[in-house]
Amino acid sequence: MMNQSQILAPDARAARHQVWDVFLRLFHWSLAASVTVALVTGFLLDASWVRLHLGAGILAVILVMARIVWGFAGPAYARFEQFLPRPGALRAYLREHLAGAPRRRHVGHNPLGALMVVALLLAVLGLGATGLAYLGGGLKTGPLATILPATQTGFWSETHEALAAIILGLIVLHLGGVIHESRRCGENLARAMVTGCKEARSGDLVAPHRPARPILAAAVVLALLASGGAAVVALSGRPLQDPPVAAAEFPAVYADECAACHMAYHPALRSASSWQALMARLDDHFGEDASLPDETGAEITAWLTANSAETVDNRPASLWRDLSPLPVVALPDTPQWQELHENVDPALFKRRAVYSRSNCAACHRDAESGWFSPFAISIPKENTQ
Amino acid sequence: MKKALILPVLLAMAPPALAGDTSPGALIEAYSAQSGSAPVPENGKALFLGKHVGGKPDTPSCATCHTNDPRKGGQARTGKPIDPMAPSVNPKRFTDTRFVEKWFRRNCNSVLGRECSAQEKADIIAWLSSL
C-alpha cells in the first residue's frame, strides 16, 4: 500500500501542471464577485444601493492593485513577463488560430487571453478612477471632493458608465473565449481556475520556473494600501469650497413666508436671476397667490440672491444654474429633473405622502440642505391614514 | 357700541402682529362690526365647501386644501400637510390677526379671484368655530 502510493504520486504529479496559484485563484473569483456586484448595483438597482456599489468597486480596485504586484512577484504563470504578448507573437497566434488550431497549447494565458486579462485589469482601474472622480465632483465626497468641480459631474458619470458598458462587453467576450478554448482543447478552463491544475500534454508551452515572493508582495500591497489610505483620509478631510448654506442658517422670514405651503426650497437650486423672476410674480405663483408685503419680499429676494446656485459648488447647483429665468418653471418640468427621475415609478409621486413631484423632501431626506445625496433617498411608504 | 370699540383696537394691533393677539370670537365680532351685520355660519359653510370659478383653476374650493371636514388635517397641492381649521381641534387657529389677514387675502384670491369681504370672513370663522 505504502509503496504503491509512493510510486503513483510522482506520476500523478507529472501528469498535471500546477498553473494557477492560490492567490491568483482567490483574486480571480473575488474580482468576478465584486465586479458582478458593482455592475448589478450600478446598472439595475437604484441609488439607495450606492454604498454596496462603492464597497464592491473599492474591493475590485484593491484586488487589481494586489494582482499587479503579484504580476511582478508571483510564481511563473502569474507574472506579466510570462504572458504579456509581443505584437509579433500575437499576430503569429492569430494566424495559426485562423488557419486551423494552434499546434501547441499555452498552459498559462494564450496571447489573446493575456490581452483580455490586461484589458480587464485596466478597465477596473479606469472604473475606479472615474468612479472616484464622480464621487468627488458630483457628490463632494471622498479624496477628490475639493479638487474637481461639480460642473464636471456629467463628464465623469458618463465616462464611468461607458467604461462599465465596456467591461460588461469584455466579460461577455471573456466568457465566450473560455467556453471556446475549453471546447477546442477538451479541458474545463473554469475548473482549472478553481483547482489551479491542468493535465499535462505533450507539446505544451510551459513557463520556466519563477520563485514567488509572497512576503515581499504582501509588504508592497500593505505599503500601497497604507499610503493610499492615508492620502484618501487626508484629502477627504479638507473643508469643501463653496458649500450650500446650511438649513439651520435659513433666516426666520424665509421659513415663515416660503415654507408655509411647501418645503423650504434651498436657494442653491436656482440662479439669482431665476429667484428674482420668481419673487417678482408671487401673486401668480404656480397657480396660487403667495404675495407678500414689498419689504418682506425684498428681504427674501436679497437672501436668495446671496445664496443662489452661482455661489455654490455642488451637483444640484450645477444642474439648474443655467435654467432660463423666464418662464418660471418648477424643477420637475426641466429635462435635468426628468432625466434624473426617469427610473422612478411615476406612481410614487402620487402617493399621499408625496402628492407633488415638487415635494422633494418627501423622498430626499437632505432636500432642505441642498445636497440631494443618493445616500439620503428614502421613498415614503403608502400610508394607510 | 362694544363692537365699534373693538375694531379700532384690533386694527391698531394689526401691524406689529404678535402670535396670540386675538381669538376667533374677537375676529368674528370685529369683522361683523366692519360689515355691519351679524355673521351667518351657513353662508360661511357654503362658501368654504362650494366650488368657485373666478379664481385660479387648480384651487376651485377652500376644501381643495382644507378638506370637506375642517376638523381634519388638509394637504396643500404641494403635499405639505395643513393642520385642521376648526378651532375646537386646533386652538392655534384664528389667534394672529396678521396671519389670518394674509391667508384670507391669498386664499380668497386663489379660490374666488378676489378678496373676501368682512362679512364673508365673519361667516367663515363663525362656521368653523361652530364645529
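The values are calculated or read from the model by the stated rules, or taken from the named source; none is laboratory data. Keep in mind the model is a prediction, meaning the values are calculated, not measured. Methodologically, a virtual Cβ is constructed for each residue, glycine included, from the backbone with ideal geometry; neighbour enumeration extends over all protein chains shown. Remember, those area values only see protein heavy atoms, side chains included, never the ligands or the DNA or RNA. Shrake-Rupley method; radii C 1.70, N 1.55, O 1.52, S 1.80 Å.
Kindly evaluate A:ASP256 against the criterion of being open to solvent by less than 20 Å² (accessible area, probe 1.4 Å), within 13 Å of another protein chain (Cβ to nearest Cβ) and either free of Cβ contacts under 8 Å to residues at least 60 places away in the same chain or β-branched (Val, Ile, Thr) (or both). No: the conditions fail for A:ASP256.
Of the residues making up the stretch B:32-78, those that are surrounded by fewer than 19 Cβ atoms within 10 Å (Cβ to Cβ), small (Gly, Ala, Ser) and more than 12 Å from chain A (Cβ to nearest Cβ) are B:SER35, B:GLY36, B:SER37, B:ALA38, B:ALA46, B:GLY50, B:GLY54, B:SER61, B:ALA63.
One residue stands out in the stretch A:265-290 among those that are surrounded by 17 or more Cβ atoms within 10 Å (Cβ to Cβ) and within 13 Å of chain B (Cβ to nearest Cβ): the one that is farthest from the chain's Cα centre (by Cα), namely A:ASP289.
For every residue, the table says whether it meets (1) open to solvent by less than 90 Å² (accessible area, probe 1.4 Å); (2) more than 27 Å from the chain's Cα centre (by Cα); (3) modelled with pLDDT of 95 or more.
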residue	(1), (2), (3)
A:MET2	no, yes, no
A:LEU8	no, yes, no
A:ALA15	yes, yes, no
A:PHE27	yes, no, yes
A:PHE72	no, yes, yes
A:ARG86	no, yes, no
A:ALA89	yes, yes, no
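Of the candidates B:ALA126, B:ALA122, B:ALA46, the single residue that is part of a helix (DSSP H, G or I), free of Cβ contacts under 8 Å to residues at least 60 places away in the same chain and more than 29 Å from A:HIS364 (Cα to Cα) is B:ALA46. Within the stretch B:102-117, one or more residues are more than 13 Å from the chain's Cα centre (by Cα), within 14 Å of chain A (Cβ to nearest Cβ), outside any helix (DSSP H, G or I) and under 29 Å from A:VAL354 (Cα atoms). Mind checking whether some residue in the stretch A:358-365 is free of Cβ contacts under 8 Å to residues at least 60 places away in the same chain, within 14 Å of chain B (Cβ to nearest Cβ) and open to solvent by 60 Å² or more (accessible area, probe 1.4 Å)? Taking every residue of the stretch A:358-365 in turn, none turns out to be free of Cβ contacts under 8 Å to residues at least 60 places away in the same chain, within 14 Å of chain B (Cβ to nearest Cβ) and open to solvent by 60 Å² or more (accessible area, probe 1.4 Å).
Across the stretch B:83-100, not a single residue is classified as open to solvent by less than 30 Å² (accessible area, probe 1.4 Å), more than 14 Å from every other protein chain (Cβ to nearest Cβ), touching a residue at least 12 places away in the same chain (Cβ under 8 Å) and over 12 Å from the mean Cα position of the chain (by Cα). Of the residues making up the stretch A:338-357, those that are within 14 Å of another protein chain (Cβ to nearest Cβ) and either in a loop (DSSP other than H, G, I, E, B) or open to solvent by 90 Å² or more (accessible area, probe 1.4 Å) (or both) are A:LYS350, A:ARG351, A:ARG352, A:ALA353, A:VAL354, A:TYR355, A:SER356, A:ARG357.
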